[in-house]
Amino acid sequence: MKIKIFILFVWAIVLFSNFTFQDSTYKAQSLKEAFKKDFAIGTALNSAQIEERNPRVNNLIVQQFNMATPENVMKSALLHPKWDTYDFTMADKLIAFGHKNNIKINGHTLIWHSQLPGFMRRIQSSDSVKTFFTDHIKTVASHFKGKVFSWDVVNEALNEDGTLRNSVFFQKLGENYVTEAFRLTQEASPNTELYYNDYNNEQPAKRAGCIRLIKKIQEAGVRIDGVGIQGHWHLGKIPFKDIEESILQYAALGIKVMITELDIEILPRNFQGAEVSQRMANNAESNPYPNGLPDEIQKQLADDYETLFKLFLKHKDKVTRVTFWGVNDGDSWLNNWPIRGRTNYPLLFDRNNQPKPAYFKVIGLKE
Ligand code: XIL
């Protein structure tokens, strides 16, 4: 009996010391835990990450995030390579990865003018575009029914002035195509949240167009659950007022607001936004920090992220998710867009998966 009590006693001490050890080293917590009562924290995942090729990156993903968006593997060019062929291999791996790690998946994206399959460039007739549009949505949304938490049903349908972009879908299907995309997705996957996603839609003119688009969907009796503001912003030039105004105006439509592709551009850029076909010429000043970020820029990045998250927290009843466009600086798309081969620093984790000063400022808001 005494021995049993003694063993229990030792076991209790071991357990206790383990917990206190974890607590004391865990002051910085993780993003997903720090904000769990406020909003979900997401990241974009690329193929290497979905396949768990780097254990350190994998640990970071699993530790920090509770939502994920595929960076590319659910885009139509990859899912639907030929007219009558779908390839779900990588996307299914992402679903399994999410399942295993308690990470909800936001499907990205059903209807978008970029990264379309090659055969779409050769299609001329409206009928064929209509067939592609309908089959693609039905097949893909049905395949992931009950497996994705949400869909970016339509991505980037608007011009900067708030009018509808002259995409192949607009040209061949007319202005109701956005509403139709939501209707078809709802039919194929009734319990999935449905979002409209765009960049610069916090800017007043584009925001007004976005509101018109959302109202049109609602007035047609079709469900839309939320709007994504991508959040590809620029160091020292984040439009905080426009972001706040947009959160308020979108939420007033009765829908959720998400920041869906957050990163902060550090490097020289002569335009705003994230039109992936736009490029910039390389010159001697294009890549100023190949060997590391100067302290004052690191500090400005931390301050910008802190102010942003203060704003998101202020509106946590309206903002349901904040997703970063990438896990660490090394795999950010901004190293290769709009100029290839630059060294960029747009995220909260550095190239060695270490938290940056910006991470501590953001998480500090909850400590
Ligand atoms: C980007 C990816 O990050 C790149 O890897 C790819 O080459 C191009 O697309 N808006 C979006 C995202 O909605 O899908 C884009 O992702 C970035 C801009």
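Things worth noting here:
- For Ile297, the solvent-accessible surface with a 1.4 Å probe is about 20 Å², rounded to the nearest 10.
- Sites matching chymotrypsin sites (Phe, Trp or Tyr not before Pro) across segment 234-279 that sit in DSSP coil, with at most 15 neighbouring C-beta atoms within 10 Å: Phe271
- For the chain, a Gaussian network of Cα nodes joined below 10 Å ranks Asn59, Asn200, Asn283 by mean-square fluctuation, and the top entry is Asn283.
- C-alpha long axis of helix 2-25 to longest principal axis of the chain, angle in °: 50
- Phi to ³J(HN,Hα) by Karplus 6.51 cos²θ - 1.76 cosθ + 1.60 over segment 321-336, Hz, x for Gly, Pro: 7, 10, 10, 8, 8, x, 8, 9, 3, x, 9, 5, 4, 6, 6, 10
- Exposure of Trp112 as accessible area (Å², to 10), given a probe of 1.4 Å and all protein chains: 10
- Heavy-atom SASA rank of Lys172, Lys299 (probe 1.4 Å, accessible area, largest first): Lys299, Lys172
- Within the accessible area of the chain, the carbon and sulfur atoms contribute 53%, probe 1.4 Å, all protein chains present.
- Heavy-atom accessible surface of the chain, averaged per residue, reaches 46 Å², computed with a 1.4 Å probe.
- Rounded to the nearest 0.05, the FRET efficiency derived from the C-beta distance between Met280 and Ala205 at R0 = 25 Å is 0.60.
- Distance between the modelled labels on Glu51 and Ile297, one decimal in nanometres: 3.2 nm (7 Å Cα→Cβ projection).
- Ordered from largest to smallest accessible area (heavy atoms of protein chains, 1.4 Å probe), the residues Arg223, Arg351, Arg340 come out as Arg340, Arg351, Arg223.
- Segment 241-310: C-alpha gyration tensor shape, a/c 1.5 cut-off, then a/b vs b/c: oblate
- The C-alpha atoms of the chain define a longest principal axis, and helix 240-251 lies at about 70 degrees to it.
- Whether the chain is rounded, prolate or oblate, judged on the alpha carbon gyration tensor where a/c under 1.5 counts as rounded: prolate
- Nearest-10 value in Å² for the accessible area of Arg56, using the 1.4 Å probe: 140
- Accessible surface ranking that places the most exposed of Asp329, Asp84, Asp225 first, with a 1.4 angstrom probe: Asp84, Asp225, Asp329
- Counted residue by residue at 0.36 nm each, then reduced by the alpha carbon distance between them, the extension gain from Leu248 to Lys145 reaches 34.0 nm.
- Built amide H within the under 5 Å cut-off of Gln230, gap 5+: Asp198, Tyr199, Asn200, Asn201, Thr260
- Entry note, the chain: the mean residue ellipticity at 222 nm calculated from DSSP H runs of n ≥ 4, each adding -39500 (n - 2.57), is -13000 deg cm²/dmol after division by the residues and rounding to the nearest 500.
- With Cα atoms, 0 to 90° folded angle of helix 126-143 axis to the chain main axis: 20
The values are calculated or read from the model by the stated rules, or taken from the named source; none is laboratory data. Being a predicted model, the structure only gives us computed values, none of them experimental. With ideal geometry, Cβ positions are generated from the backbone for all residues, glycine too; neighbour counts draw on all protein chains shown. We work out accessible area using only protein heavy atoms, side chains counted, and drop any ligands, DNA or RNA first. Shrake-Rupley method; radii C 1.70, N 1.55, O 1.52, S 1.80 Å.
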